[in-house]
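The values are calculated or read from the model by the stated rules, or taken from the named source; none is laboratory data. In this text, all values refer to a predicted model and were calculated from it rather than measured experimentally. Every residue, glycine among them, receives a Cβ derived from its backbone with ideal geometry; neighbour counts consider all protein chains shown. For accessibility, only protein heavy atoms count, side chains too; no ligands or nucleic acids. Shrake-Rupley method; radii C 1.70, N 1.55, O 1.52, S 1.80 Å.
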Amino acid sequence: MIRFENVSKRYDGAREALSNVSIEVAAGELAFLTGRSGAGKSTVLKLVALIERPTRGQVIVGGRPLARLGYRDVPAYRQQIGMVFQDNRLLNDRSAYENVALPLIISGTGEREIGRRTRAALDQVGLLDREKYPPRALSAGEQQRLSIARAIVSHPKVLIADEPTGNLDPDLSLEIMNLFRRLNEVGVTMLIASHDLPLVERFGSRRIVLSGGQVSGSESTAQTTGAGK
Amino acid sequence: MSAGILLARHAQNLLGALGALTRNPVGTFLTVSVIGIALALPAALHVLVQTGKSAAGNWDDMRDFSVYMAPATPLPRAETLARELRKRDGIDSVQLITAEAAVAEMGKDPVFANALAALEGNPLPHTLVVRPAAGMDGEQLGKLSAELQATPDVDLVKLDLQWVQRLNAILDFLARLGWIAAVLLGGAVLIIVGNTIRLDIQTRTEEIEVAKLLGATDSFVRRPFLYLGLWYGLFGSLLATLILAISLWLLGAPVARLATLYGSDLEMAGVGLETLAAVLGGGLLAGWSGAWLAVSRHLSGLRPRD
Ligand SMILES: Nc1ncnc2c1ncn2[C@@H]1O[C@H](COP(=O)(O)OP(=O)(O)O)[C@@H](O)[C@H]1O
Ligand SMILES: [Mg+2]
């Protein structure tokens, strides 16, 4: 589903953030992207989201080489991908409901369908009773769940998440990871970047380890999908 | 996206933009005021020129020459000249006012009657009132005047037209000034709206960035701001119309007084439908393009360099 073929990325004037990275995440798989800070995890996700373009190599998502997508194709492509951003990127001048509904408004979904899907997504992350509140009125864990609701509201086939447990305590982190696993069980392909190795190791899913912009290992302690309850 | 959804989205953006305007009433008022004044100025110049034109038009049939014959020219000579002139090109009509008729006319006025009675003989010459053909320009009229002046037995040619020509020249100047003002101030409105919307964008950068990350197209991002620009343009145009109406009302009385002084039925030209359409169209166009430019600049800043 997500395929990197000898991908290198060099940001302007910096050393290579990724060197010759080849990765494959199968359809329906949940894979973790680990490695210490600066290893290149976020860069991998940005290449998948077309926030950045590779300097060399190919990124293929859902069978489509992303290099073929021009500036005008990017919006439609992004609408098909669920993204959980490192810093949430929730809008505080809007309600929880409006935040989750935003991707549907962007993709031109009908009014009634927006209501139905938005409530369903809020229900899935357990925030239905919070729909009227702005994100800042929610706890850190609730905010993270809200941003996950926004990422899944369009029923994407692929979901990427960058440090989704970044500033959560261990209990909340576990709760969020379990939420991802439940979503993965319904068939969403997931690539989750996290530097929290102990947390990641509690799940059986495959881990792609990055180090200094290179893949230094790909290990799996258990089965790949729907793993480790 | 279905047409119905798109329409609903546009309606939401339209009303949403109106809502955004009411949330910052002072800023909105200032922007709208500047736009209104900038649009009213060229429109006012236009109305002024129209008024002047109709004035010049009213006085057009005062283009007659008064040709005074030399004193003691016999009447038959005057009659002959009148006949000759009537045959000439460029002359519509010639009316002979004999010295006797002129004295009789003057004698009706008691003030002059006494003075005339005291005089020996008739002090007035025969006069020919020559009306040149319509559509002659200043140069042709000048030539005709010179020819008449050079005719034997003609004492003096009087032409009352010069000030009308001057007025026309001034009006042409003002009309051109109006166009220059329209272009410059239209540009100013564009810049004002562009800058106001740039500030609006700055308060919503986070929203724009998130929307783009979630797959919003440039036109999705642009749309609410375009409506904002259109509202600014609309309200600016309405204010301009109000300013125009009040100015014309204030000018009405002095213009009427001027008109009575010149015995003319001059009236202030109204704000014609065309002028209103131009003000409205100019306002909307400038508002829309100002918004377009501001958002496009912002979006191109977000665009990855690839
Ligand atoms: N926009 C950028 N410009 C320049 N260098 C960058 C940029 N983003 C990341 N980098 C560099 O690329 C490397 C990998 O960064 P990143 O992908 O964010 O790593 P991680 O997410 O694993 O912490 C780091 O050395 C970082 O400094
Ligand atoms: Mg990172």
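Among the residues of segment B:273-288, the ones that are crowded, with 19+ Cβ neighbours inside 10 Å and within 10 Å of B:Leu230 (Cα to Cα) come to 4 in all.
For first residues located in segment A:209-220 and under 12 Å from A:Val44 (Cα atoms) and among the small types (Gly, Ala, Ser), partners that are modelled with pLDDT of 90 or more and more than 14 Å from ligand 2 (Cβ to nearest atom) and lie 6+ apart or on another chain with Cβ distances below 7 Å form the pairs A:Gly213/A:Glu16; A:Gly213/A:Ser19.
Rundown of residues vs (1) modelled with pLDDT of 95 or more; (2) of a type in the set (A, V, I, L, M, F, W, C), yes/no style:
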| position | (1), (2) |
| --- | --- |
| A:Gly28 | no, no |
| A:Ala39 | no, yes |
| A:Thr43 | yes, no |
| A:Val48 | yes, yes |
| A:Pro65 | yes, no |
| A:Asp87 | no, no |
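Annotation note: Cβ proximity below 6 Å between a residue of segment A:78-106 that is of a type in the set (Lys, Arg) and a residue that is assigned to a helix (DSSP H, G or I) and more than 16 Å from ligand 1 (Cβ to nearest atom) (sequence gap 6+ or interchain) occurs for A:Arg89/B:Val210. Flag: A:Ser154 matches the condition of being part of a loop (DSSP other than H, G, I, E, B) and hydroxyl-bearing (Ser, Thr, Tyr). Applying the selection to segment B:11-52, what residues are open to solvent by less than 60 Å² (accessible area, probe 1.4 Å) and within 14 Å of chain A (Cβ to nearest Cβ)? B:Ala11, B:Asn13, B:Gly16, B:Gly19, B:Ala20, listed by residue number. Considered as a group, the residues in segment A:157-180 that are surrounded by fewer than 20 Cβ atoms within 10 Å (Cβ to Cβ) and either touching a residue at least 60 places away in the same chain (Cβ under 8 Å) or within 16 Å of ligand 1 (Cβ to nearest atom) (or both) include one that is nearest to the other protein chains (Cβ to nearest Cβ), and that residue is A:Lys157. Give B:Leu124, B:Leu167, B:Leu116 a once-over and let me know the one that is touching a residue at least 60 places away in the same chain (Cβ under 8 Å), surrounded by 13 or more Cβ atoms within 10 Å (Cβ to Cβ) and hydrophobic (A, V, I, L, M, F, W, C). Checking each option against the conditions leaves just B:Leu167. When you scan segment B:146-155, do you find a residue that is in a helix (DSSP H, G or I) and open to solvent by less than 50 Å² (accessible area, probe 1.4 Å), even just one? Yes, the conditions are met somewhere in segment B:146-155. A:Lys46 falls short of the stated requirement of being out of contact with any Cys (no Cβ under 7 Å at 6 or more places or on another chain), within 16 Å of ligand 1 (Cβ to nearest atom) and touching a residue at least 40 places away in the same chain (Cβ under 8 Å).
Taking the stated definitions as given, is A:Leu104 within 12 Å of chain B (Cβ to nearest Cβ), among the aliphatic types (A, V, I, L, M) and within 15 Å of the chain's Cα centre (by Cα)? Criteria not met by A:Leu104. Screening A:Ser218 on (1) over 20 Å from the mean Cα position of the chain (by Cα); (2) open to solvent by 20 Å² or more (accessible area, probe 1.4 Å) shows it passes everything except condition (1). On inspection, B:Ala55 passes the criterion of being buried (at least 18 other Cβ atoms within 10 Å of the Cβ) and either free of Cβ contacts under 8 Å to residues at least 24 places away in the same chain or not aromatic (Phe, Trp, Tyr) (or both). Quick check on segment A:78-87. Is at least one of its residues over 23 Å from A:Val186 (Cβ atoms) and more than 11 Å from every other protein chain (Cβ to nearest Cβ)? Yes, because at least one residue in segment A:78-87 is over 23 Å from A:Val186 (Cβ atoms) and more than 11 Å from every other protein chain (Cβ to nearest Cβ). Checking the structure you have, find out if any residue of segment B:212-229 is touching a residue at least 40 places away in the same chain (Cβ under 8 Å), more than 14 Å from chain A (Cβ to nearest Cβ) and surrounded by fewer than 15 Cβ atoms within 10 Å (Cβ to Cβ). No: zero hits. Summed over segment A:184-202, residues that are open to solvent by 10 Å² or more (accessible area, probe 1.4 Å) and away from ligand 1 (no atom under 16 Å from the Cβ) total 7.
Selection within segment A:1-43: residues that are in contact with a strand residue (DSSP E or B) (Cβ under 7 Å, 6 or more places away or on another chain) and near ligand 1 (Cβ under 7 Å from one of its atoms). The member of this set that is most open to solvent (accessible area, probe 1.4 Å) is A:Tyr11. B:Thr203 satisfies every condition listed in (1) open to solvent by 10 Å² or more (accessible area, probe 1.4 Å); (2) closer than 19 Å to B:Thr22 by Cβ; (3) in contact with a helix residue (DSSP H, G or I) (Cβ under 9 Å, 6 or more places away or on another chain) except (3).
Scanning segment A:19-61 for residues that are within 10 Å of ligand 2 (Cβ to nearest atom) and within 14 Å of chain B (Cβ to nearest Cβ) gives A:Ser42, A:Thr43, A:Leu45, A:Lys46. Listed by position, the helices (runs of 4 or more DSSP H) inside segment B:58-129 whose residues that are aliphatic (A, V, I, L, M) and modelled with pLDDT of 80 or more number at least 1 are B:75-87, B:99-107.
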